[in-house]
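The structure appears right after this line, and notes come after that.
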Amino acid sequence: MNDKPKDGQIESCPKCSKPFPPNTQQCPHCGAYIHKVLAAQPAAPKKKQKIKTSPLRIFYIFATFFAVFLVFRLIGYLPLVYNSFWDNSVSQVEEYFKKELKDPDSLQIIKWGDLEELEDKEKEKVKEKEGYPLLGLWVDMTKYRVRVEYRAKNSFGGYVVKDNYFYLDSLGGVVVSRPAD
């Protein structure tokens, strides 16, 4: 209902709903003052104001989330190396494949293993098995390993299936890759 009647229109009283002529202050039927009844009715709901988003405000929001992410990462709540919940992959090993394979587009993962945190005994077994004098350095740096079975093209264009352990340091860098037992 309009708050004020337009000139020449017959309005109905908000109290008794009977018509009354325009430009009247009081209803001829019930005696209600028209402007008081209209003022007593609840006001129409106000329109919501749009939130103004400036590029600077958006930048501050993303910067805040990024800072919180880094803090959680640094204090250890978010690990740097982990299996993806989506396909069980490890992103650092995927990056290693992109850099090291002769034809990275030919890569087909057959199976991702679970990421394992290495204990000192396991590090020593790897060190003894390989027998390299310089191997001790990377064995001390390694913290994780993951087993990956994959297919990729070799230098001759033929597909080769491999089953390797990838050893990663605490920051997620692939230190070395060795065939699985």
Which residue is surrounded by the most Cβ atoms within 10 Å (Cβ to Cβ), if the candidates are limited to the stretch 81-97 and must be in a helix (DSSP H, G or I) and charged (D, E, K, R)?
Glu94
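For the stretch 109-181, give me every one of the strands (runs of 3 or more DSSP E) that falls completely inside it and has 3 or more residues that are modelled with pLDDT of 95 or more and within 29 Å of the chain's Cα centre (by Cα). Break it down into steps so the answer makes sense when it comes.
Working: elements: 142-153, 159-169, 174-179.
Strands (runs of 3 or more DSSP E) meeting the threshold: 142-153.
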Being in contact (Cβ under 8 Å) with a residue 40 or more places away in the chain and within 14 Å of Leu118 (Cβ to Cβ) is the filter here; which residues of the stretch 162-171 pass it?
Phe166, Tyr167, Leu168, Ser170
How many residues are without any contact (Cβ under 8 Å) to a residue 40 or more places away in the chain and within 13 Å of Leu168 (Cα to Cα) if we restrict to the stretch 80-90?
1
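The values are calculated or read from the model by the stated rules, or taken from the named source; none is laboratory data. Note that this is a predicted model, so its numbers are computed, not measured. We place every Cβ from the backbone using ideal geometry, glycine too, and count neighbours over all the protein chains shown.
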